[in-house]
Number of protein chains: 2
Amino acid sequence: MSNASRIYTAALVVIGDEILSGRTHDKNIAQVAAWLQIQGIRLKEVRVVADETPAIVEAVNTLRARNDYLFTTGGIGPTHDDITVDAIAEALGVPVIVHPEARAILEDYYTTRGGLTEARLRMARTPEGASLIPNRYTGAPGIHAENVFIMAGVPSITAGMLDALTGTLEGGAPLLSETLGCWVGESEVAELLRATEKAYVNCQIGSYPFWGEGRTGANFVIRSTDAGELAACTQALVEGLRALGRDAVPGGI
Amino acid sequence: MSNASRIYTAALVVIGDEILSGRTHDKNIAQVAAWLQIQGIRLKEVRVVADETPAIVEAVNTLRARNDYLFTTGGIGPTHDDITVDAIAEALGVPVIVHPEARAILEDYYTTRGGLTEARLRMARTPEGASLIPNRYTGAPGIHAENVFIMAGVPSITAGMLDALTGTLEGGAPLLSETLGCWVGESEVAELLRATEKAYVNCQIGSYPFWGEGRTGANFVIRSTDAGELAACTQALVEGLRALGRDAVPGGI
């Protein structure tokens, strides 16, 4: 679903002490960010918060008020430190219920896996009024309540939930991008970048330096929702680099 | 420097459109988180914000007010999209100056690299009253202003700046941890985990499931600032798992 006339935005709240302690390297920010781009939705802000109810409630309510969509990852398993559902129900001002459809999914999933214990039944709890996001890997579903999408912390399960949501959210024109790589110090082209961006008002140019093979280089990413302006801006940057005696590598280095 | 009688906290603001677009996978959250643990400082919250002044100002001022330290990564290079210094000066309510020491460092660094251009001189700009964080790799220093530590976005350069700061910040008792791995579904031990954490009030137990070798497992991370209680809680969990017929793997799986 696309409505090119307006910009749709999203925020992400990553919930988990394991990220803040440095024990686990987050992979969900990058995968949610890349997925949103394809849906035509801009990720505006990410917050990583601890497994603490007030921190989750504050982040969820602040960010869902100023974005079209809010996504969360983490904290929906069966153990005592999984408090995401309770915190989001509190944020939404609704009670937590055992969702009948989620209970049926879990009963089915655990039939051949030792049965639905009290701990496992925790994964059928949702804020009242929620619908479910299918989880093809481990039964326990994600949850959609108002404009909040509650997903797993394990990246492979989150990926399945994103896959289930693909194409179901209203988005705008996707942000298009072109990348040019160049073996040049970014300070040598700072003025060129600034002037080129200024000349193409519907484009943004990002500059990402790197060091490799004993040399200094940078990738320049030009972004726009307008394909024609994107192409023109990219071409202008290629020519500007050439005028400085530098070859641009399409697609980046 | 350690003051075991109180808890020191920090927050991190990751600045950059390239993270929010999914183009670049952030590595600074994990490295800053792990480094802070060693300093005896707890990372309480992370925000990833766009290259937009209001977003940076809001995040910096909110988080520095409620934490001992605030770290930022990204946006301190020579190009037009590097607006971190200006935004943080605005957040602190001070003007931006060209820092004489930073200018001298850059003049020296660029003597054999084409000279100090106007774009490169941008990297000598700091909020008024700031001191510098050495950067042994590319000259351009990080910046320390009030309780804000402004660091590079490129992870290897950030690592060097963290190294330069090691041992210079006042921290409390480091949060100690033990990890136990176990081939068990976390829903089977949810009650054991809950009861064990309740019995050891100065310990927190996190449960991190995984799937591998066709089996279900989990790592349990026990955290405490009290070494004795940490050992007792860990031992209690080992015995609790054994009572359920499960062997714990010290150090995790």
Report summary line: Of those in the stretch B:130-178 that are in a strand (DSSP E or B) and not aliphatic (A, V, I, L, M), the residue farthest from B:PRO100 (Cα to Cα) is B:GLU178
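Considering the stretch B:98-135 alone, what residues qualify as being of a type in the set (A, V, I, L, M, F, W, C) and more than 26 Å from B:ASP163 (Cα to Cα)?
Of the stretch B:98-135, the ones of a type in the set (A, V, I, L, M, F, W, C) are B:98, B:102, B:104-106, B:116, B:119, B:121, B:123-124, B:130, B:132-133.
Listed by number, the residues that qualify are B:LEU116, B:ALA119.
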Query raised in the report: If the Cβ limit is 7 Å and pairs must be 6+ apart or interchain, which residue in the stretch B:200-229 that is among the small types (Gly, Ala, Ser) pairs with which residue that is part of a loop (DSSP other than H, G, I, E, B) and exposed (fewer than 14 other Cβ atoms within 10 Å of the Cβ)?
Result: B:SER224/B:ASN202
Query - Checklist (1) away from chain A (no Cβ under 14 Å); (2) surrounded by 20 or more Cβ atoms within 10 Å (Cβ to Cβ) applied to B:THR158, failing item - result: (1)
Query raised in the report: So which residues in the stretch B:179-193 are assigned to a strand (DSSP E or B) and more than 21 Å from the chain's Cα centre (by Cα), if there are any at all?
Result: B:LEU180, B:GLY181, B:CYS182
Query raised in the report: Hey, among the residues in the stretch A:37-64 that are hydrophobic (A, V, I, L, M, F, W, C) and farther than 10 Å from A:ALA11 by Cβ, which one's surrounded by the fewest Cβ atoms within 10 Å (Cβ to Cβ)?
Result: A:ILE38
Requested in this report: Only residues in the stretch B:234-248 that are assigned to a helix (DSSP H, G or I) count as the first member; pair them with residues that are among the polar types (S, T, N, Q), Cβ under 7 angstrom, at least 6 apart or cross-chain, and list the lot.
Outcome: B:ALA236/B:THR196; B:LEU237/B:THR196; B:GLY240/B:THR196
Report summary line: Residue set A:ARG194, A:ARG223; condition basic (Lys, Arg), crowded, with 17+ Cβ neighbours inside 10 Å, facing another protein chain (nearest Cβ under 8 Å) and closer than 20 Å to B:ILE15 by Cβ; output residue A:ARG223
Query raised in the report: Can B:ASP108 be described as of a type in the set (Asp, Glu), surrounded by fewer than 18 Cβ atoms within 10 Å (Cβ to Cβ) and either in a helix (DSSP H, G or I) or in contact with a strand residue (DSSP E or B) (Cβ under 8 Å, 6 or more places away or on another chain) (or both)?
Result: yes
Query raised in the report: Hey, does the stretch A:88-96 have a residue that's crowded, with 22+ Cβ neighbours inside 10 Å and at the interface with another protein chain (Cβ under 9 Å from one of its Cβ atoms)?
Result: no
Query raised in the report: Has the stretch A:94-116 got at least one residue that is more than 23 Å from the chain's Cα centre (by Cα) and within 30 Å of A:ILE7 (Cα to Cα)?
Result: yes
Query raised in the report: For the stretch A:8-54, how many residues meet the condition of being among the hydroxyl-bearing types (Ser, Thr, Tyr) and facing another protein chain (nearest Cβ under 8 Å)?
Result: 2
Query raised in the report: Which condition number does A:GLU186 fail, the rest of (1) within 24 Å of B:PRO155 (Cβ to Cβ); (2) within 8 Å of another protein chain (Cβ to nearest Cβ); (3) modelled with pLDDT of 90 or more being met?
Result: (3)
Query raised in the report: If you go through the stretch B:143-154 one residue at a time, do you hit one that is within 13 Å of another protein chain (Cβ to nearest Cβ), touching a strand residue (DSSP E or B) at 6+ places or on another chain (Cβ under 6 Å), at pLDDT 90 or above and over 19 Å from A:HIS80 (Cα atoms)?
Result: yes
Requested in this report: Would you mind stating whether B:GLY22 is crowded, with 22+ Cβ neighbours inside 10 Å and touching a helix residue (DSSP H, G or I) at 6+ places or on another chain (Cβ under 8 Å)?
Outcome: no
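The values are calculated or read from the model by the stated rules, or taken from the named source; none is laboratory data. Note that the coordinates shown come from a computational prediction; the quantities given were computed from them, not determined experimentally. All Cβ positions, even for glycine, are placed from backbone atoms using ideal geometry, and neighbour counts span all protein chains on display.
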